[in-house]
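For reference, the structure is listed below as structure tokens.
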Amino acid sequence: MSGRDFSAVDTWVFDLDNTLYPHHLNLWQQVDARIGEFVSRWLRVTAEEARRIQKDYYHRFGTTMRGMMTLHGVEPAEFLAYVHQIDHSPLEPDPALGEVLASLPGRRLILTNGSCDHAAAVLARLGLASHFEGVFDILAADFEPKPAAQTYRKFLADHDVDPRRAAMFEDLARNLVIPHEVGMTTVLVVPDAGREVVREEWEMEGRDAAHVDYVTSELTRFLARLIRWGGRAVVWRARKMSVS
């Protein structure tokens, strides 16, 4: 048993894509397609080969952009500007999530592998911008993406976060390894089982991993219960529970 609850948490850290909005909107698939186009054009390869390279770099470097920077000298600003030119209209205001975020004690921060510009666009559509103190993006991370350990260390230092008093919400289990190691309470946000989502098989893994303290498919409901229970009653006999 990890024994971790939320009663001492005063800093709430959220990933952005597929965490603050539902997986089934598949908004990130637009970005994914734009990345493939960028790789294809830059390397002058077919769409099929670009897809293979894109996913290989994603696995090896944490983001395709990091692989393109390291191996092909791509300028990150050019890459980010291209891949984030997407249609944000599937996102709608989420006042219920805004209400529970506003009720959380302490600070609320975003830690994303995307850019601040992309985060601003997403938060504006969701109506959540006012609920976050800051965004730590890929530029702030010196272009080292999660799950790199140095990215979390820089985030914690830049925002003066005590990891033992912080919780991390993420949609990829591998991005919760370091947060858990440094003492954060970790929550994996998974797709609604009744909705169709476009995800790689490995992206859906990790629910039972030791570094995942909690699992939920409904972030708003999960946070509402934490507020109602004062952050304590979620610690049951099982090491981990699901709220859906």
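The values are calculated or read from the model by the stated rules, or taken from the named source; none is laboratory data. Remember, predicted model here, so these are calculated numbers, not experimental data. Neighbour counts run over all protein chains shown; Cβ positions are idealised from the backbone, glycine included. Areas reflect the complete protein model, heavy atoms only, side chains present, ligands, DNA and RNA absent. Shrake-Rupley method; radii C 1.70, N 1.55, O 1.52, S 1.80 Å.
Express the carbon and sulfur contribution to the solvent-accessible surface of the chain as a percent, rounded to the nearest whole number, probe 1.4 angstrom. So the carbon and sulfur contribution to the accessible surface is 50 percent. Calculated on C-alpha atoms, the gyration radius of the stretch 71-193 divided by its Kirkwood radius gives an Rg/Rh of 0.96. Counted over all Cα-Cα pairs of the stretch 1-57, pairs farther apart than 17 Å make up 59 percent. Using every Cα-Cα pair within the chain, state what percent have a distance larger than 35 Å. Tail fraction, whole percent: 11. Backbone N atoms of the stretch 78-93 closer than 12 Å to the 7 Å Cα→Cβ label point of E37 belong to residues 82-87. As a length-normalised measure over Cα pairs under 8 Å and 6 or more apart, the relative contact order of the chain settles at 26 percent. Exposure check, 1.4 Å probe, all protein chains in place: T64 carries approximately 10 Å² of accessible surface.
For the set S89, S115, the ranking by accessible area, highest first and with no ligand, DNA or RNA atoms included, is S89, S115 under a 1.4 Å probe. Peptides 175-185, 138-148, 71-81 ranked from most to least packed give 175-185, 138-148, 71-81, packing being the mean of other C-beta atoms within 10 angstrom over each peptide's residues. Taking a sphere under 14 Å around the Cβ of L109 and counting the other residues whose Cβ falls inside, with K and R at +1 and D and E at -1, yields a net charge of -3. Per residue, the accessible area of the stretch 120-196 comes to 42 Å², computed with a 1.4 Å probe over protein heavy atoms only.
Note that the stretch 172-181 has calculated 3J(HN,Hα) couplings of 10, 4, 5, 7, 9, 4, 5, x, 5, 4 Hz, one per residue in order, obtained from phi through the Karplus relation 6.51 cos²θ - 1.76 cosθ + 1.60 (θ = phi - 60°); glycine and proline are x.
From its DSSP helices (H runs of at least four residues, each -39,500 (n - 2.57)), the chain gives a residue-normalised ellipticity at 222 nm of -11500 deg cm²/dmol.
The distance between label points at S7 and D117 comes to 4.7 nm (points 7 Å beyond Cα on the Cα→Cβ vector).
If you wrap the stretch 92-135 in the convex hull of its Cα atoms and look at it from every side, the mean projected area works out to 2.9 nm².
Look at where the Cα atoms of the stretch 105-166 and of the stretch 11-58 average out, and the two centres are 19 Å apart.
Solvent exposure of L43, expressed as accessible area, is near 40 Å², computed with a probe of 1.4 Å over the protein chains only.
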